[in-house]
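The structure under discussion appears below in the form of structure tokens.
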Protein chains: 2
Amino acid sequence: MLEPLPDEREWLNDVLIRQIPLGGAMQLSIERLDETGIEFSAPLAPSVNDKGTAFGGAIVSQMILAGWSLPRLLLRRADIEADLVIGRCEVRFVKPVTGDFRVRCDWPEASSLAAFIDQVRARGRGKLELAPECLIDSEVAATLAARYAALGKDSGAAAPGARDTGARQ
Amino acid sequence: MLEPLPDEREWLNDVLIRQIPLGGAMQLSIERLDETGIEFSAPLAPSVNDKGTAFGGAIVSQMILAGWSLPRLLLRRADIEADLVIGRCEVRFVKPVTGDFRVRCDWPEASSLAAFIDQVRARGRGKLELAPECLIDSEVAATLAARYAALGKDSGAAAPGARDTGARQ
């Protein structure tokens, strides 16, 4: 379930860079995608702020995308047509990001992933909590606690009235 | 205290668009700056995602900047040299952003602002909580609850060990 498929890194890169222009603007790059999780590398320059450190919004954006990528791949591997959205999240900025940085998200326990897929198959929707991080020089600079929701396209679960499931990623 | 100065809209625009390239990439524009608060307008296209709605990270980025702008202007009006950083925030996505959108932040009560400035002057650091929002067709699409911290440049308050005050904006 956690082994990458041969074509998916290229597919995901296209989504993150081309279909989401801001990912391209931040020069986001998939550095690692394996059975432990995903990691992006990102240069400081396009995400810099007026102080010469990384803009908090850029850090949040990349953490949101790192987290989103994992269930997105899981749905694709399971051949499930679903929108995947972020509903609520909490961000902590721990230290300034003074140079090029990395953003990563680990796969959660296999039982959580199986429950997520089972929910989407059975009820047309499922939730998954993830905890992406931003690293500078191997130290944690920011953390995200985010809840992602999959809304099956054939189930009607994406109908109005679903709260906290607004934005796409 | 809340009346805009003649040159500050241009000054702030330069910070948001040029000194923070991601603000430029999102084509962020100051639509309103007055004694009630600040409002940006933003086209969907540069912030779009793979579903044709606004990427959550773009929405968060603009809400962070709208909130940050207010105390930043306040410090400038008070002629205080300080870094202004975001320490912690919570985001709720309420509904999809399907077109061009707006982001706004109202000035909090005058007593909060006065206390913030007094803290920075007296102790070299001050905190302010703000609640920017994202609007689509006059309806709230996302909210941010954020804590901003000013760290006086002459006070040593920005020394290492200050937690939750990492990223610039």
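The values are calculated or read from the model by the stated rules, or taken from the named source; none is laboratory data. Keep in mind the model is a prediction, meaning the values are calculated, not measured. Cβ sites come from the backbone with ideal geometry, for glycine too, and all protein chains shown count toward neighbours.
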Q. Any idea how many residues of the stretch B:11-64 are closer than 22 Å to B:Ile86 by Cα, charged (D, E, K, R) and touching a Lys or Arg at 6+ places or on another chain (Cβ under 8 Å)?
A. 1
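Tell me which residues, restricted to the stretch A:1-10, are surrounded by fewer than 14 Cβ atoms within 10 Å (Cβ to Cβ) and of a type in the set (A, V, I, L, M, F, W, C). Steps first, answer last, please.
Keep residues of the stretch A:1-10 that are surrounded by fewer than 14 Cβ atoms within 10 Å (Cβ to Cβ), which gives A:1, A:3, A:5-7, A:10.
Correct list: A:Met1, A:Leu5.
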Q: Identify all residues within the stretch A:46-57 that are in contact (Cβ under 8 Å) with a residue 12 or more places away in the chain and either within 14 Å of B:Cys89 (Cβ to Cβ) or more than 7 Å from chain B (Cβ to nearest Cβ) (or both); write none if there are none.
A: A:Gly52, A:Gly56
Q. Are there any helices (runs of 4 or more DSSP H) wholly within the stretch A:5-110 with 2 or more residues that are more than 26 Å from B:Asn13 (Cα to Cα) and at pLDDT 95 or above, and if so which?
A. A:8-14, A:56-77
Q. Looking only at residues in the stretch B:19-45 that are surrounded by fewer than 24 Cβ atoms within 10 Å (Cβ to Cβ) and among the aliphatic types (A, V, I, L, M), which one is nearest to the other protein chains (Cβ to nearest Cβ)?
A. B:Ala25
Q. Using beta carbons and a limit of 7 Å, which pairs, at least six apart or on different chains, have the first residue in the stretch A:66-89 and within 22 Å of A:Ile17 (Cβ to Cβ) and within 14 Å of chain B (Cβ to nearest Cβ) and the second one among the charged types (D, E, K, R) and crowded, with 20+ Cβ neighbours inside 10 Å?
A. A:Ala66/A:Arg104; A:Asp83/A:Arg168; A:Leu84/A:Arg72; A:Val85/A:Arg168
Q: Give the residues of the stretch A:111-134 that are part of a strand (DSSP E or B) and either over 14 Å from A:Ala78 (Cα atoms) or out of contact with any Phe, Trp or Tyr (no Cβ under 9 Å at 6 or more places or on another chain) (or both), sorted by residue number.
A: A:Arg125, A:Lys127, A:Leu128, A:Glu129, A:Leu130, A:Glu133, A:Cys134
